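Okay, structure first, notes after.
The values are calculated or read from the model by the stated rules, or taken from the named source; none is laboratory data. Every value quoted in this text rests on a predicted model; they were computed, and no experiment measured them. Positions of Cβ are generated from backbone atoms using ideal geometry, with glycine treated the same way; all protein chains shown enter the neighbour counts. Note: areas computed on protein heavy atoms with side chains; ligands, DNA, RNA excluded. Shrake-Rupley method; radii C 1.70, N 1.55, O 1.52, S 1.80 Å.
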Amino acid sequence: MQYRRRPLVLVSVLLGALSLMACSKKDPPPAGQDPGAGAKPAAPAEVGELNLLIFPDYIDEKIVKDFEVLTKAQVRLTRYDSTEEMESKLAYAGAESQYDVVIMASQILPRMVRRGLVKPLEHAQIPNLKNLEPRFSGAGFDDGNKHGVPYQWGTVGIVYNKKKLPNLDPSWSVLLDPKKVAGTFVLLDEQRDMLGSVLKYKGFSSNTTNASEIREAGSVLKDVKKQPKCLGFKGGVGAMEDVRAGSVDMAVVWNGDAQKAIQAEKDRLAFVIPKEGSVIWVDVMTIAAKAPHPELAHKFINHVLTPEGGAQLSLYTKYASPNAAAQGKLPPEDRTNTLIYPTKEVSDRLEHHRDLGEAAKVFDEVWTEVKSQ
């Protein structure tokens, strides 16, 4: 996305290289990850500058400009394509003092808290927290939004060219079963979303802590990579563009990216959540542990939580808003769109991501194996 994210929850942040020695003072990064992978030193933060780490094309330029006019500050965006890239950037020595607001997947937030990479929020500086739906603000969500505020939420499915594949079976098997592959495709370059989808296909929980089930899902992906019709992994925006351009027939993407494309080409593109089920992700706004402008960061979060700001965001991204006050300002065609707000029948087949604690290391290891082989 242009000014934006993933999904997912799924933010690009400015990195500052202080000293690799400082890395030894932090918890080690997830298995197989180089803390500095893809990271470049960021320029020193300026006074009156908000540094935002976000997925590509995940924020409307109007929201950014309105905030700049309101605060007389400049917003500087750094983009990342996957949660793994975000975590590597944020964990790089001194990086947590280069970024202000970091938008990340909610299931990774507890790990970021344990690693000391994000700071507690000052609720007194975010009065618009009252606009959140209760399910996104209670004790069941990040201990009452202690460290994160929901930004957008959505799900994962398959976008496809319905002129080439008019009778596509709404199943993950059209990508994951070599005997049923329906056309050329790309997979989503996002660990929990992609592995979670495979786990649902296999009949497991996407939040399983069973190492053998997680490894089985990894084996499926490794086999899929060998198929000639599999053209690799891409972020949601890149995968969607491949389908639009006609270079692939299908792609695993986030529903908002699909919806934006389908609006422009309803006669050619379609999106489906497979019958085996899928995942629900929630992306959250957080503040880096040593944010250079914490007061400005709180103002930004509060700005996004206004009814107008929340509505503008979802109108642009085509993802669901956790902001109850914003939902009433959305056009009816968005509020009633089941690609954005799934029906109960579809929702019953979806599973929310949650923190997996130590079991997350198995996901990390399996994902690294999948991507490296």
query = Only one residue in G140, G154 is under 24 Å from D193 (Cα atoms) and open to solvent by less than 10 Å² (accessible area, probe 1.4 Å). Which one?
reply = G154
Helices (runs of 4 or more DSSP H) (entirely within region 315-373) containing at least 2 residues that are surrounded by 19 or more Cβ atoms within 10 Å (Cβ to Cβ) and touching a helix residue (DSSP H, G or I) at 6+ places or on another chain (Cβ under 7 Å) = 324-327, 360-372
note = Filter region 232-242 for residues that are touching a Lys or Arg at 6+ places or on another chain (Cβ under 8 Å) and in a strand (DSSP E or B); the one that is least open to solvent (accessible area, probe 1.4 Å) is G232
key: Checking K26 against (1) open to solvent by 10 Å² or more (accessible area, probe 1.4 Å); (2) modelled with pLDDT of 70 or more; (3) among the charged types (D, E, K, R), the condition it does not meet   = (2)
key: Matching residues, region 127-178, being at pLDDT 95 or above and among the basic types (K, R)   = K130, K146, K162, K163, K164
request  = For K200, indicate whether it is outside any strand (DSSP E or B), in contact with an Asp or Glu (Cβ under 9 Å, 6 or more places away or on another chain) and open to solvent by 40 Å² or more (accessible area, probe 1.4 Å).
outcome  = no
query = Do you know which of the residues in region 243-269 that are within 21 Å of the chain's Cα centre (by Cα) and in a strand (DSSP E or B) is nearest to V198 (Cα to Cα)?
reply = V252
task = For W153, indicate whether it is more than 14 Å from V366 (Cα to Cα), among the hydrophobic types (A, V, I, L, M, F, W, C) and in contact with an Asp or Glu (Cβ under 6 Å, 6 or more places away or on another chain).
result = no
